[in-house]
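Participant: My questions will all concern the structure given below.
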Amino acid sequence: MGPAAAAGRSEELRNLIAYHNRRYYQLDDPEISDAAYDLLFTELRQLEERYPELVTPDSPTQRVGAPPLEKFQPFPHPSPMLSLANAFTEEEIRDFDERIQRFPGRAETIAYVIEPKLDGVAVNLLYEHGVLVTGATRGDGTTGEDVTLNIRTVATIPLSLGGNGGMPIPERLEIRGEIVIATAAFRVLNERRLEAGEQLFANPRNAAAGSLRQLDSRITARRPLDFFAYAIGMAAETVMKTHWEVLAALKSWGFKIHPFARRSDEIEECVQGYRELYATREELSYEIDGMVIKVNDLALQDELGAVSRSPRWALACKFPAYQETTVIEGIDVQVGRTGALTPVAIMTPVPIGGVTVSRASLHNQDEIDRKDIRIGDTVIVQRAGDVIPEVVKVVMSKRQPTALPFTIPAACPVCGSAVIRIEGEAAHRCIGIACPAQIKEHIVHFASRGGMDIEGLGDKMVYQLVDAVLIKDPADLYFLTAEQLLALERTGEKSAGNLLRAIDGAKNPPLEKLIFALGIRHVGESMAKLLARKYAVLEDIMAATVDELTTIRDVGPEAAKSIVRFFQEPSNLQVLTKLKTAGVAPINRQFSAAAESSGALTGKTFVVTGTLGRMTRQEAKARIESLGGKTTDSVTRKTYYVIAGTSPGSKLDKAKTLGISILDEEAFIKLMESS
Ligand code: IVH
């Protein structure tokens, strides 16, 4: 493609991409697939790589960020960014209306627009001929910082304004609005940071502010920044007469407007809106810290003017604070169902935004150390939006010499087993297999298909058994009785019988399944197989050292340490002994050549047919094989025994014609026991 054609095509692509961005981000109604969008994007990027002179400031390729700046340049706002006077009560909202009513030359009725007061970072966007040229922070209201490169990465800020069918676009235009992060996106962002061991953001506003003030815009590009427009600054030649029309124009140009925005000429309706927002603030997707009420008529706004940098025509109606100070009375340690220990601050109860807060997770030891939280400290706690309460920081000026530093205990507070911290993980973990905090999860895992494969023992049944204190560890399963099961709700003779049979049938699992079932951290199904390939019996694995284990391919040092620690824990050894007492004896097929030659049924071929009463056919076959016997599906002259349950079918007939010995279930069990 020649330069002229490339210029034409790149412009076409920019327009197309801008159009699809609008459909996707503003209207939430995409017309093309992500893949089709990516194709357009790639084509444009390739064109721009070949012809760098075609890169325009509003090209969507410029959203991905640029190499870091040394510092931000100051940006004098073409028109000042005012701040708002605050109100904290409904009375003050009514007073505001009265002041305007008394103002000479006012309109007949005064119409207002109410909008949520978004809790983010205010920015000023300068567009020239519809193209974004500068984005700046508020600064002191007169001069801000030029953060254009970062602003460009925000998907919901149009790089060029859409004019189709909307209001005409002024030649030079300032757009005012708020950079925010949705609560849900904020939570994901912080979860990732927690996993990566990075410092957490206190709230969505801090996260938005921190992201916007990154010198490296490639970092900003990875943050879930969003933008809502709520006003225009300087735009001399507009034809708009009301703020409501301004909002409509902003929308037509491609900006997101908060859906709550309403117009009303009744101050009581506005007060009602304030109540409504306050009551539903936690359900909103974005954090807000109040409501803004604005006079709708732009001419009246002009007449009203401003006092001390706050316009007389607008008011910020704030909500009660979400932060309070209180005292840390103690730190509890909770053990989660996966064994992770979570320190929880116990605080003098304090009401925050209508809810009494007395506990807050401190996440992990690193967080406690980073914030230097000690028992007895006075702290700032916050409950932002539907975000759970958290300790923001210690008020150091109030620290007492008696304040006690805190360390996560070395023994599990629930079961006393050892607590370890695996390298690269933030959490400390209890390694006790019988830890009551984890027992439900452990037993569900123990019985799962990849583990001991006990049919009919799903999570509901396990929860019921644990709650009824019939089992305290996985080995207890093998000591359950029919009477105990029948006493449970919704368990009849039949299901109790089935469950006991399934448990009994799970006494001779392949060794790798038992290893996996133990739930040793870092030992998944494939690692369990590797271990069973190397070691003939469980006792050998229990005796293995870290050095020895790491000689196995794919067993890393963390897994090896985890295995050794597991078998060092006395409470785990107790459970293993109990399993043995119950008759749990895994079979290692990989080492079964030896077993076969010495087994009592060696060289004998069995056929199992029909329905057995006390075990499944699968289990019967496993028992035969564990004693060195072979099983096949068809009866031949070589068949040694046919084990026949009820409704055995043609296999029994064939056995009879061939004169092969037939055993019923009772006889089979006797044979097994005597072998
Ligand atoms: S209007 C002159 N509308 O509140 C009026 N401001 O102190 C300009 N804010 O820094 C502001 N939501 O960051 C307006 N819907 C909204 C707003 C809003 C949040 C912030 C803005 C400004 C502060 C006012």
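Participant: When residues of the range 282-327 are filtered for being crowded, with 16+ Cβ neighbours inside 10 Å and among the polar types (S, T, N, Q), how many remain?
Facilitator: 3
Participant: Hey, another quick one. Starting from the range 288-311, keep only residues that are more than 18 Å from Met240 (Cα to Cα) and charged (D, E, K, R), then list their pairs with residues that are open to solvent by less than 60 Å² (accessible area, probe 1.4 Å) and within 11 Å of the ligand (Cβ to nearest atom) whose Cβ atoms are within a distance under 7 Å, requiring at least 6 positions of separation or different chains.
Facilitator: Asp289/Lys117; Asp289/Asp119; Asp289/Lys318; Arg309/Ser83; Arg309/Gly141
Participant: Only one of these conditions is not met by Val327: (1) within 16 Å of the ligand (Cβ to nearest atom); (2) within 30 Å of Ala437 (Cα to Cα). Which number is it?
Facilitator: Val327 satisfies all of (1) within 16 Å of the ligand (Cβ to nearest atom); (2) within 30 Å of Ala437 (Cα to Cα) except (1).
Participant: When you scan the range 60-89, how many residues do you find that are away from the ligand (no atom under 12 Å from the Cβ), of a type in the set (S, T, N, Q) and touching a Lys or Arg at 6+ places or on another chain (Cβ under 9 Å)?
Facilitator: Adding up the residues that qualify gives 2.
Participant: Condition first: within 16 Å of the ligand (Cβ to nearest atom), at negative phi and not acidic (Asp, Glu). Can you find one or more residues in the range 34-50 that meet it?
Facilitator: No; the residues of the range 34-50 include none that is within 16 Å of the ligand (Cβ to nearest atom), at negative phi and not acidic (Asp, Glu).
Participant: For the range 519-543, what are the residues that are assigned to a loop (DSSP other than H, G, I, E, B) and open to solvent by 70 Å² or more (accessible area, probe 1.4 Å)?
Facilitator: Matches in the range 519-543: Arg521, His522.
Participant: If a residue must be touching an Asp or Glu at 6+ places or on another chain (Cβ under 8 Å) and open to solvent by 20 Å² or more (accessible area, probe 1.4 Å), how many such residues does the range 226-260 contain?
Facilitator: Selection size over the range 226-260: 10.
Participant: Go through the range 267-281 and report how many residues are closer than 14 Å to Glu115 by Cβ and open to solvent by less than 60 Å² (accessible area, probe 1.4 Å).
Facilitator: Residues that pass the stated criteria total 5.
Participant: Ok, one more. Tyr274 versus (1) near the ligand (Cβ under 10 Å from one of its atoms); (2) within 23 Å of Pro204 (Cα to Cα): which is the lone unmet condition?
Facilitator: Result: Tyr274 fails condition (1) only.
Participant: Now, a different point. Within the range 185-193, identify whether any single residue is more than 23 Å from Thr61 (Cα to Cα), open to solvent by less than 50 Å² (accessible area, probe 1.4 Å) and either within 15 Å of the ligand (Cβ to nearest atom) or aromatic (Phe, Trp, Tyr) (or both), and answer yes or no.
Facilitator: yes
Participant: Can you name every residue in the range 117-133 that is among the β-branched types (Val, Ile, Thr) and within 13 Å of the ligand (Cβ to nearest atom)?
Facilitator: Val121, Val123
Participant: Also, quick follow-up: When the residues of the range 161-184 are narrowed to those that are small (Gly, Ala, Ser) and modelled with pLDDT of 90 or more, which ends up nearest to the ligand (Cβ to nearest atom)?
Facilitator: Gly177
Participant: Does Ala136 satisfy the condition of being on the phi < 0 side of the Ramachandran plot, open to solvent by less than 10 Å² (accessible area, probe 1.4 Å), in contact (Cβ under 8 Å) with a residue 40 or more places away in the chain and within 15 Å of the ligand (Cβ to nearest atom)?
Facilitator: It is true that Ala136 is on the phi < 0 side of the Ramachandran plot, open to solvent by less than 10 Å² (accessible area, probe 1.4 Å), in contact (Cβ under 8 Å) with a residue 40 or more places away in the chain and within 15 Å of the ligand (Cβ to nearest atom).
Participant: Quick one: Ala7 ticks every box in (1) open to solvent by less than 70 Å² (accessible area, probe 1.4 Å); (2) hydrophobic (A, V, I, L, M, F, W, C); (3) closer than 22 Å to Pro224 by Cβ bar one, so which box is it?
Facilitator: (3)
Participant: Let me ask something else about it. Where residues in the range 346-364 are outside any strand (DSSP E or B) and surrounded by 17 or more Cβ atoms within 10 Å (Cβ to Cβ), which of them is modelled with the lowest pLDDT?
Facilitator: Selected residue: Gly353.
Participant: Of all residues in the range 618-653, count the ones that are within 17 Å of Lys670 (Cα to Cα) and of a type in the set (Gly, Ala, Ser).
Facilitator: Residues flagged as within 17 Å of Lys670 (Cα to Cα) and of a type in the set (Gly, Ala, Ser) within the range 618-653 amount to 7.
Participant: Same structure, new question: With open to solvent by 40 Å² or more (accessible area, probe 1.4 Å) and either within 29 Å of Ala248 (Cβ to Cβ) or in contact with a His (Cβ under 7 Å, 6 or more places away or on another chain) (or both) as the only criterion, which of Arg22, Arg14 stands out?
Facilitator: On inspection, the qualifying residue turns out to be Arg22.
Participant: Could you look through the range 300-316, keep only residues that are in contact with a Ser or Thr (Cβ under 9 Å, 6 or more places away or on another chain) and small (Gly, Ala, Ser), and pick out the one that is nearest to the ligand (Cβ to nearest atom)?
Facilitator: Looking at residues that are in contact with a Ser or Thr (Cβ under 9 Å, 6 or more places away or on another chain) and small (Gly, Ala, Ser), I get Ala316.
Participant: I'd like to check something: does the range 144-151 contain any residue that is more than 16 Å from the ligand (Cβ to nearest atom), open to solvent by 10 Å² or more (accessible area, probe 1.4 Å), over 30 Å from Arg275 (Cβ atoms) and touching a Phe, Trp or Tyr at 6+ places or on another chain (Cβ under 6 Å)?
Facilitator: Scanning the range 144-151, I find at least one residue that is more than 16 Å from the ligand (Cβ to nearest atom), open to solvent by 10 Å² or more (accessible area, probe 1.4 Å), over 30 Å from Arg275 (Cβ atoms) and touching a Phe, Trp or Tyr at 6+ places or on another chain (Cβ under 6 Å), so the answer is yes.
Participant: Related question: For the range 335-383, what are the residues that are without any contact (Cβ under 8 Å) to a residue 40 or more places away in the chain and within 20 Å of Arg187 (Cβ to Cβ)?
Facilitator: Scanning the range 335-383 gives Val344, Ile352, Gly353, Val355, Val357, Arg359, Ala360, Ser361, Leu362, Lys371.
Participant: Please return the ranges of helices (runs of 4 or more DSSP H) entirely within the range 565-669 where 2 or more residues are surrounded by 18 or more Cβ atoms within 10 Å (Cβ to Cβ).
Facilitator: 570-581, 617-626, 650-658
Participant: For the range 330-345, name all the residues that are part of a strand (DSSP E or B) and surrounded by 15 or more Cβ atoms within 10 Å (Cβ to Cβ).
Facilitator: Ile331, Val333, Val335, Ala340, Leu341, Thr342, Pro343, Val344, Ala345
Participant: I would also like to ask the following. For a quick check of your reading of the model, give me the residue pairs whose first member lies in the range 101-123 and is open to solvent by less than 50 Å² (accessible area, probe 1.4 Å) and modelled with pLDDT of 95 or more, whose second is basic (Lys, Arg) and within 9 Å of the ligand (Cβ to nearest atom), with beta-carbon atoms closer than 6 Å and at least 6 apart or on different chains.
Facilitator: Between residues of the range 101-123 that are open to solvent by less than 50 Å² (accessible area, probe 1.4 Å) and modelled with pLDDT of 95 or more and residues that are basic (Lys, Arg) and within 9 Å of the ligand (Cβ to nearest atom), the close pairs are Val113/Lys294; Ala122/Arg138.
Participant: Tell me which residues, restricted to the range 205-222, are open to solvent by 40 Å² or more (accessible area, probe 1.4 Å) and either more than 12 Å from the ligand (Cβ to nearest atom) or closer than 14 Å to Ile169 by Cβ (or both).
Facilitator: Of everything in the range 205-222, those that are open to solvent by 40 Å² or more (accessible area, probe 1.4 Å) and either more than 12 Å from the ligand (Cβ to nearest atom) or closer than 14 Å to Ile169 by Cβ (or both) turn out to be Asn206, Arg213, Gln214, Leu215, Arg218, Ile219, Arg222.
Participant: On to the next question. Restricting attention to the range 100-116, does a residue exist that is within 33 Å of the chain's Cα centre (by Cα) and either closer than 30 Å to Thr280 by Cβ or within 12 Å of the ligand (Cβ to nearest atom) (or both)?
Facilitator: The answer is yes; a qualifying residue exists.
Participant: What single numbered condition from (1) among the small types (Gly, Ala, Ser); (2) within 16 Å of the ligand (Cβ to nearest atom); (3) surrounded by fewer than 15 Cβ atoms within 10 Å (Cβ to Cβ) fails to hold for Ser264?
Facilitator: (3)
The values are calculated or read from the model by the stated rules, or taken from the named source; none is laboratory data. Predicted model, so just to flag it, every value in this text is computed and none were measured. No Cβ is skipped: glycine too gets one built from the backbone with ideal geometry, and neighbour counts run over all protein chains shown. Just so you know, the surface numbers come from the protein's heavy atoms only, side chains and all, with ligands and any DNA or RNA stripped out. Shrake-Rupley method; radii C 1.70, N 1.55, O 1.52, S 1.80 Å.
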